[in-house]
Amino acid sequence: MKNETIYRAKVLCTPSKLPASDYVINPYIGCIHHCKYCYASFMGPFTGHMEPWGTYLEPKKYMSYKLPSKLDQSKTILIGSVTDAYNPAESKYRLMPPILEALKECPAHIEILTKSSLILRDVDLLKEISDLAVGISLSNLDESDNKVIEPGASTAKERLKTLKELHENGIKTYIFIAPYLPGVTSLDLLYDACEGIVDYICVENLNLRGNYKQPMLDIIKKFHPDLYELWLDIYTRKKGGAYWAEVEKKIGILKKKSSIPIISYMYHEKIKKL
Ligand code: SF4
């Protein structure tokens with residue numbers, strides 16, 4: 001990591017425009033998991049960072065842990081919308097324990113989304129939050145792919161083990177099959193891998209645009225040359241609609257035979273704008 005300074009944050013929760021959350025908590029600016037497809041990478045210039053995404057991290061020092069006054073059971077707070085709260089630096093900074101303490105009495109639904117087994121450090125605190133779900137993002141069981149595409153995150157094996165341990169501790173868990181990588185992600189393999197250790201499954205497709213589009217295409221060209229034309233079709237020739245419709249069909253078939261609820265977050269309208 002080239003740049004690591006402390007950011008003084010006035011509030012813990014900020015209002016969110018995301019469809020599934022009312023507030024977000026992002027304890028870090030930047031993310032050293034350095035996923036090559038990360039949509040949050042666009043935020044660099046807005047936070048004073050011109051360095052490449054994945055090379056900077058600012059831990060936040062909170063001036064207050066006070067929660068918004070109008071929280072109730074209908075509201076959701078998501079931890080980790082533009083960073084991973086359990087990135088490797090969290091073992092040093094320990095920003096999450098006081099945040100979880102502050103959320104103990106919170107009436108809202110709390111969601112934590114991570115790609116890190118470090119969350120297991122806080123199991124005891126997590127168990128004290130009444131309405132909590134922990135999601136682990138995983139789009140591929142192939143460790144060599146993951147090492148290239150998500151170099152700072154825990155391995156697939158570690159992430160599955162994390163889901164298992166959280167689940168065994170009575171914490172509600174879900175696998176977030178995201179981003180669904182065309183030709184790379186296997187719904188069936190991931191389904192089999194998480195059966196019995198998650199309460200539900202979410203699926204979201206890869207929306208590839210902006211400054212991370214070309215790097216991802218280059219990675220596919222290098223590591224999956226047989227899929228390169230498919231990716232060009234989807235992401236540069238506006239032929240994604242048919243591909244994602246097929247994936248949705250597969251999700252529909254799986255839903256029918258699955259004992260685990262499956263939620264699809266596929267977004268065709270955004271794909272059409274590429
Ligand atoms: S873990 Fe999430 S926030 Fe961090 S780089 Fe990966 S996609 Fe971005």
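Numbers at a glance
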read-out: Calculated [θ] (222 nm, deg cm²/dmol) that DSSP helices of n ≥ 4 give over the chain, each run adding -39,500 (n - 2.57); value: -9000 deg cm²/dmol
read-out: For TYR56, residues with placed amide H under 5 Å, excluding near neighbours; value: CYS31
read-out: For segment 11-20, Karplus couplings with θ = phi - 60° (6.51, -1.76, 1.60), whole Hz, Gly/Pro x; value: 10, 7, 9, 10, x, 10, 9, 5, x, 9
read-out: Segment 3-205, relative contact order in percent, only Cα pairs under 8 angstrom and at least six apart counted; value: 19
read-out: Kyte-Doolittle at least -1.0, axis length at least 15 Å by Cα - qualifying DSSP helices, the chain; value: 213-223, 240-257
read-out: Fewest-first ranking of SER154, SER21, SER74, SER81, using other Cβ atoms within 10 Å as the exposure measure; value: SER74, SER81, SER21, SER154
read-out: Long-range HN-HN contacts of ILE79 with modeled amide H, under 5 Å; value: ILE25, GLU111, ILE112, LEU113
read-out: Estimated distance in nm for a label pair at LYS257 and ALA245, the labels positioned 7 Å out from Cα along Cα-to-Cβ; value: 2.4
read-out: Volume per residue that the Cα convex hull of segment 72-161 spans, once the total is divided by residue count, Å³; value: 96
read-out: GNM flexibility winner over the chain from LYS239, LYS249, LYS70 (Cα, springs under 10 Å); value: LYS70
read-out: Square roots of five times the Cα gyration tensor eigenvalues for segment 119-171, Å; value: 25, 10, 9
read-out: Residue exposure sequence - ARG94, ARG121 - by fewest surrounding Cβ within 10 Å; value: ARG94, ARG121
read-out: DSSP loop chymotrypsin sites (Phe, Trp or Tyr not before Pro) with at most 15 other Cβ within 10 Å excluded, longest remaining stretch of the chain; value: 66-264
read-out: Share of Cα-Cα pairs in the chain lying beyond 35 Å, as whole percent; value: 14
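Every read-out reported here was derived from the displayed coordinates using simple, explicitly stated rules and does not represent laboratory data. Because the structure is a prediction, the values reported are computed rather than measured. Please note: Cβ atoms are built from the backbone with ideal geometry, for glycine as well, and neighbour counts cover all protein chains shown.
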